[in-house]
Every structure is written in structure tokens, then in C-alpha cells.
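As C-alpha cells, the structure follows; a few thoughts come after it.
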Amino acid sequence: MIEVIPLKAFTDNYIWALVSKESVYVVDPGDADPVLEFLDENNFTLEGILITHHHFDHTGGIKNLTNRYDIPVYGPVNNRIEGITHELKENNSISILNEEFKIFEVPGHTLDHIAYYSESSQKLLFCGDTLFSGGCGRLFEGTPAQMYDSLQKLKSLSSETLVYCTHEYTESNLNFAVVVNNENEFLKDYYSEVKAKRKKDEITLPSSIKKELSINPFLRLTDKNIISNASNFASINLVKEVDTLKTIREWKDNF
Ligand SMILES: [Zn+2]
């Protein structure tokens, strides 16, 4: 059984610590300090690192952690990331703390982006900056079509899958979602819940695939209310899901 614990980093990043007995893996350690503090406080040992993509706020701590621990660093095929010892591709699987994790390539936010999915006893998804609660990552390197395909992979996972993304962006995403999907009553209720949590500085993650399917406009591209609002925004009649995604991504970028 893996326990997943958020370690806060920078202003709104979470480094996820996967803990089983005294053994720990961390996902996307942009900063080594919160990881080292956590390990020292609990007398835990770092056994490995999982990386989702090359951005510095996800990789900046690799060097300091591997200076102290001789451990495997799993990540995408990208020689811009220093310190990867095990390169991973679509459909590879790795065994972490006695759980099998399957690898998905999910380009869009960046071209090298991968996600880690365990469907054995616990259904856990570590999706970096691809799927956020209520939103998706900005398209820095990939195309809307790539992001669409990546999100299709993730939305087809078991609905009880817990979604661990890297940033506390939920409230800001929902500020936008309630505009683009203004007839979604479930979303409005969830938005109130999230605002109340954030007022108390509480975490809004993990989410679940089930919840995202009801609140996340980037997974609801067949919703007539979203298509109509996006069509009005773009002043064209949107038909294809990928065009709706492209439109609401651009809308959100300037929101
Ligand atoms: Zn990123």
C-alpha cells in the first residue's frame, strides 16, 4: 500500500511523496529542500525519483537528491534533463514500492511529457502539468491535437483513479470553468467547495477522473453549453472537439 503525501514547493507546486514503510519515491522534485526535510523528519529513505517533463520546477532538485542518494531517476527521453538513469516510453512499465506503474506519453504542455499510472490495488495517476483539476496545462510545445489525444488517454482511465497533478491551480481553473460551462450546476457547487478550502489554505488534490469528467471543460468537449460559449468567443461555429479545445485553451490563456 502506497501512501501519497504532498510536499509544498515554490508558490503552488506539489512534490508528491510515495511512501511505503520507510521507503519513499518522489515525483517531480523541483526543489530538493522540502524532500530532504521530509525524509529527515521521518527517518525515511529516498529510493527513487519519477520525472514527468523537463521544466525546471519539476527537475531542479534532481542533482542535490542524487548527490545524497544513489538512486534511479525515471523520466522521459529528453537529454535536456540531467540525471535521468531510466528513460521511459509509451507502454513501458516500472515497479515502484511493489506497485506496477504504466507509462503514457502525453505530449501537449511539452513534447516530452509522460504520466505514471498504477491500476493495481490503488489507481493512482501522476500527470504533472498535463491534466489539472478543472483545467489542463498550457501548450508551450505541443499542438491542440496532441493535447486532445493525451487528455483522451487520461479520461478513459478507470473513473475512481486518483489524479495527482503538480500545481494547486484548481481555484484559478474553476474561475474560468464556471464561465465557459455556466450551466453546469455540479461545477458551481464544487467551485464553492474549492473556494472555501483555499480560503483556509487547504489542498484541493488529489482529484479523481470521475470528478474531472463532471467539472473540467477540457474533458467535456461534447458539452453543448461549452461548445456554444466557445463558438461565441471564437465567432465561428465549432464542430470538432479538438477545435473546441484549441478555442477554450486560447480563451483561458487570456482570461
Ligand atoms: Zn511544466
* Asked: Can you name the residue in region 135-144 that is farther than 18 Å from ASN173 by Cβ and within 16 Å of the ligand (Cβ to nearest atom) and is also surrounded by the most Cβ atoms within 10 Å (Cβ to Cβ) among such residues?
  -> GLY142
* Number of the exception - LEU174 against (1) more than 13 Å from the ligand (Cβ to nearest atom); (2) in contact (Cβ under 8 Å) with a residue 12 or more places away in the chain; (3) surrounded by fewer than 24 Cβ atoms within 10 Å (Cβ to Cβ); (4) not small (Gly, Ala, Ser) -> (3)
* To do: Would you check if THR52 is buried (at least 21 other Cβ atoms within 10 Å of the Cβ) and among the polar types (S, T, N, Q)?
  => yes
* To do: Go through region 206-242 residue by residue and tally those that are in contact (Cβ under 8 Å) with a residue 24 or more places away in the chain and surrounded by 20 or more Cβ atoms within 10 Å (Cβ to Cβ).
  => 13
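Criterion first (more than 16 Å from the ligand (Cβ to nearest atom) and more than 23 Å from ALA115 (Cβ to Cβ)) does ASN216 satisfy it?
Numbers: more than 16 Å from the ligand (Cβ to nearest atom): yes; more than 23 Å from ALA115 (Cβ to Cβ): no.
No.
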* **Filter pass, ASN254 being of a type outside the set (D, E, K, R), surrounded by fewer than 17 Cβ atoms within 10 Å (Cβ to Cβ) and farther than 17 Å from ASP189 by Cα** => yes
* Structure fact -> Counting only residues that are surrounded by fewer than 20 Cβ atoms within 10 Å (Cβ to Cβ) and touching a residue at least 60 places away in the same chain (Cβ under 8 Å), region 180-193 contains a total of 0
* Give region 52-80 a look and list any residue that's in contact (Cβ under 8 Å) with a residue 40 or more places away in the chain and within 12 Å of the ligand (Cβ to nearest atom), or say none. => THR52, HIS53, HIS54, HIS55, ASP57, HIS58
* Every residue from region 100-116 that is open to solvent by less than 10 Å² (accessible area, probe 1.4 Å) and part of a strand (DSSP E or B) -> PHE101, ILE103, ILE114, ALA115, TYR116
* Return yes when THR85 is among the polar types (S, T, N, Q) and in contact (Cβ under 8 Å) with a residue 24 or more places away in the chain and no when it is not. => no
* Structure fact -> Filtering region 194-205 down to residues that are open to solvent by 10 Å² or more (accessible area, probe 1.4 Å) and touching a residue at least 24 places away in the same chain (Cβ under 8 Å) yields LYS195, ARG198, ILE203, LEU205
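Tell me, which helices (runs of 4 or more DSSP H) wholly within region 168-255 include 2 or more residues that are modelled with pLDDT of 95 or more and small (Gly, Ala, Ser)? Let's see the steps before the verdict.
On the way: elements: 170-180, 185-199, 209-215, 224-234, 241-253.
Fully inside region 168-255 and qualifying: 170-180, 185-199, 224-234.
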* Being under 26 Å from LYS123 (Cβ atoms) and open to solvent by less than 30 Å² (accessible area, probe 1.4 Å), is that true of even one residue in region 77-87? -> no
* Filtered residues of region 81-134 (kept if among the hydroxyl-bearing types (Ser, Thr, Tyr) and away from the ligand (no atom under 16 Å from the Cβ)) -> THR85, SER93, SER95, TYR117, SER118, SER120, SER121
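So is ASP129 within 15 Å of the chain's Cα centre (by Cα) and either more than 23 Å from ALA32 (Cα to Cα) or open to solvent by less than 20 Å² (accessible area, probe 1.4 Å) (or both) or not? Outline the logic, then answer.
Values: within 15 Å of the chain's Cα centre (by Cα): yes; either more than 23 Å from ALA32 (Cα to Cα) or open to solvent by less than 20 Å² (accessible area, probe 1.4 Å) (or both): yes.
Taking the combined requirement at face value, the residue satisfies it.
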* Exactly one condition in (1) open to solvent by 70 Å² or more (accessible area, probe 1.4 Å); (2) in contact with an Asp or Glu (Cβ under 6 Å, 6 or more places away or on another chain) is not met by ALA9; state its number. => (1)
* To do: Take ASP33 and decide whether it is of a type in the set (D, E, K, R) and within 16 Å of the ligand (Cβ to nearest atom).
  => no
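The values are calculated or read from the model by the stated rules, or taken from the named source; none is laboratory data. If you're wondering where the values come from, they're calculated on a predicted model, not measured in any experiment. Positions of Cβ are backbone-derived with ideal geometry, glycine not excepted, and every protein chain shown enters the neighbour counts. Note: accessible area is taken over every heavy atom of the protein model, side chains too, but ligands, DNA and RNA are not part of it. Shrake-Rupley method; radii C 1.70, N 1.55, O 1.52, S 1.80 Å.
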